[in-house]
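Data block below; observations after.
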Amino acid sequence: MYEEKKFNLSGLRGLSEKQISEHLKLYSGYVKNINALDEKIEAIEKSEGPDAYTLAELRRRLGFEFNGMRLHEYYFEGLGGESTPGSAIAFMTAVETQYGGYDKWLMKFKNAGMARGIGWVVLYYDSAIKKLRTVWVTDHEIGHLAGLPIILAMDVWEHAYLLDYLPSQRKEYIEAFFSNVNWGVVEERLTKIK
């Protein structure tokens, strides 16, 4: 059974307490839903002559709920730092090598976040070719790169910013997101896998 994680998110710049509180309620729902799905799947699997159709649909739903829970954990864990990008030495070295500098990488990541539609922008690290990958993920479960660890996740579903910014102000939300990134967490995630 999964438990809700607690995050230190007080005093974020550009993201109100109300916005964060509502967003955390959504995260809580994912945790509850994945636990409920696990119970339902287990009960059906134990029954005589399990309903294959219902079981298949529950398993399909599981990816959405699980990834909704996990992506929000990456998102919230990656916020609230007082560090600067420059303090993340391995990260800065990687973006310098691959993109020619932090600003060039940042522009690509932010541009991905401006794509029309709902979803996530996720920075992965592919250790097979020693390369960072910025990827658009739709509906939590569509678009992930299997097996690649997540370095940074930015929620660009409107629920992540609607109380503070209008849908037409996604760019301002993205700026607020980056003013709150905990670069120590980003660095730790990257160095753990390199």
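Laboratory data are not the source of any read-out in this text; all were calculated from the coordinates shown. It should be emphasised that the depicted structure is a prediction, and the values quoted were computed from it without experimental measurement. Backbone-built Cβ (ideal geometry, glycine too); neighbour counts: all protein chains shown.
Quick notes on this structure:
- q = 0.18 Å⁻¹, segment 37-112: log10 I(q)/I(0) [Debye, one scatterer per Cα]: -0.82
- Dipole of the chain, positive direction: furthest Cα of Phe66, Tyr27, Ala90, with charges on the beta-carbon: Ala90
- Placing +1 on the Cβ of every Lys and Arg and -1 on the Cβ of every Asp and Glu, with no other charges, gives the chain a dipole of roughly 660 debye about its Cα centre.
- Using C-alpha pairs below 8 Å separated by at least 6 residues, the relative contact order for segment 16-194 is 27 percent.
- For the listed peptides 77-85, 54-62, a ranking on the average number of other beta carbons within 10 Å per residue, highest first, reads 77-85, 54-62.
- If you count Lys pairs in segment 16-194 whose Cα atoms are under 20 Å apart, skipping same-chain pairs closer than 8 places in sequence, the total is 14.
- Peptides 116-125, 44-53, ordered by how many other C-beta atoms sit within 10 Å of their residues on average, highest first, read 116-125, 44-53.
- Mean ellipticity per residue at 222 nm, deg cm²/dmol - from DSSP H runs of n ≥ 4 across the chain, formula -39500 (n - 2.57): -17000 deg cm²/dmol
- Evaluating kT/(6 pi eta Rh) at 37 °C and 0.692 mPa s, with the Kirkwood radius of the chain over Cα pairs in the Stokes-Einstein relation, gives 184 µm² s⁻¹.
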